[in-house]
Amino acid sequence: MNIAVIGASGFVGYAVTKEALEKNHHVKAIYRRNSIPEHQNLEQFKMTIFDQEQFKQVIKDVDVVISAYNPGYYHVDQKSRYLDAYEVIFNTVKALNKRIIVVIGATTLIQYDGELVKHGFYPKPWLHALEGPDAVFEKYRFDKSINVTWVSPAAELIDGNKTMNYRYDTDHLIYDQNFESRISVQDLAHAIILEAESPKYEKMRFTIAY
Ligand SMILES: NC(=O)c1ccc[n+]([C@@H]2O[C@H](COP(=O)([O-])OP(=O)(O)OC[C@H]3O[C@@H](n4cnc5c(N)ncnc54)[C@H](OP(=O)(O)O)[C@@H]3O)[C@@H](O)[C@H]2O)c1
């Protein structure tokens with residue numbers, strides 16, 4: 001497949017890029033500053049998605065777009081920046097009739113007592129850092145004109161190993177027997193590429209955890 005990854009130099013985006021390349025997909029990597037190791041099936045685009053014309057050119061021939069966009073956890077106006085970015089991203093994929101997989105946070109998942117995870121699980125500084133993806137999800141979650149799959153990782157996303165042994169849900173946080181909600185970025189990337197290859201959650205959200 002031809003896959004575009006927005007934020008391919010970031011924590012999530014690079015894991016997704018590596019997983020896609022391991023499975024012999026062709027990747028168009030979009031990021032602003034930090035380049036990533038070269039590979040014969042990788043094309044790198046050091047650019048901003050806010051250059052909508054260039055963005056459109058880059059993604060026009062891909063089968064699916066995967067977004068791990070993040071303007072930075074400490075961006076001065078993170079929430080507005082996220083909203084502005086996804087306006088460009090969604091308008092472009094809609095105009096080109098593309099499918100998109102978007103990585104957000106876990107804060108909008110529902111926890112064991114029916115409350116949202118953000119009302120129980122996270123310390124306040126983290127909540128601030130996750131306002132952007134939350135706002136994007138709230139704005140577009142019922143917009144069926146976009147062929148989007150939302151991906152919420154477990155509450156804790158770690159740099160670990162690819163186990164390929166994890167569970168799925170749609171809107172509920174998944175815990176293990178110790179009441180911990182955790183997933184490695186390698187397994188998250190594995191699930192995202194599986195979804196790209198064989199869509200099961202179009203116009204829906206999925207979450208994974210051990
Ligand atoms: N990290 C976690 O533990 C975690 C947990 C749960 C959910 N998430 C979610 O996963 C998503 C990705 O987060 P992350 O931690 O992987 O972020 P990250 O490491 O900060 O990476 C963000 C990526 O976006 C790129 N980018 C930023 N502005 C751009 C622009 N205007 N045009 C093109 N590319 C741009 C960055 O490029 P440069 O760096 O090259 O400038 C970088 O490649 C976010 O929605 C986040 O909420 C992350």
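Before we move on, is ASP187 modelled with pLDDT of 90 or more and open to solvent by 20 Å² or more (accessible area, probe 1.4 Å)? So ASP187 fails the test. Please count how many residues of the stretch 80-116 are of a type outside the set (Val, Ile, Thr) and either touching a His at 6+ places or on another chain (Cβ under 9 Å) or not in a helix (DSSP H, G or I) (or both). Result for the stretch 80-116: 14.
Being within 13 Å of the ligand (Cβ to nearest atom), at pLDDT 95 or above and open to solvent by 20 Å² or more (accessible area, probe 1.4 Å) is the requirement here; does ASN24 meet it? Show your work before the answer.
On the way: within 13 Å of the ligand (Cβ to nearest atom): no; at pLDDT 95 or above: yes; open to solvent by 20 Å² or more (accessible area, probe 1.4 Å): yes.
The answer is no for ASN24.
Selection over the stretch 2-21 of residues that are more than 17 Å from VAL151 (Cβ to Cβ) and either within 14 Å of the ligand (Cβ to nearest atom) or assigned to a loop (DSSP other than H, G, I, E, B) (or both) gives a count of 1.
The number of residues in the stretch 102-121 that are open to solvent by less than 40 Å² (accessible area, probe 1.4 Å) and either over 26 Å from ILE193 (Cβ atoms) or of a type in the set (Ser, Thr, Tyr) (or both) comes to 3.
Listed by position, the strands (runs of 3 or more DSSP E) inside the stretch 136-188 whose residues that are polar (S, T, N, Q) number at least 2 are 148-152. Candidates are the residues of the stretch 31-74 that are within 14 Å of the ligand (Cβ to nearest atom), open to solvent by 90 Å² or more (accessible area, probe 1.4 Å) and in a loop (DSSP other than H, G, I, E, B); the one that is nearest to PRO153 (Cα to Cα) is TYR73.
Among what's in the stretch 142-156 and is within 16 Å of the ligand (Cβ to nearest atom) and open to solvent by less than 50 Å² (accessible area, probe 1.4 Å), pick the residue that is farthest from LEU188 (Cα to Cα). It comes out as VAL148.
The values are calculated or read from the model by the stated rules, or taken from the named source; none is laboratory data. This is a predicted model, so every value here is computed, not measured. Neighbour counts run over all protein chains shown; Cβ positions are idealised from the backbone, glycine included. When the accessible area is computed, the model is the full protein with side chains, heavy atoms only, and any ligands, DNA or RNA have been set aside. Shrake-Rupley method; radii C 1.70, N 1.55, O 1.52, S 1.80 Å.
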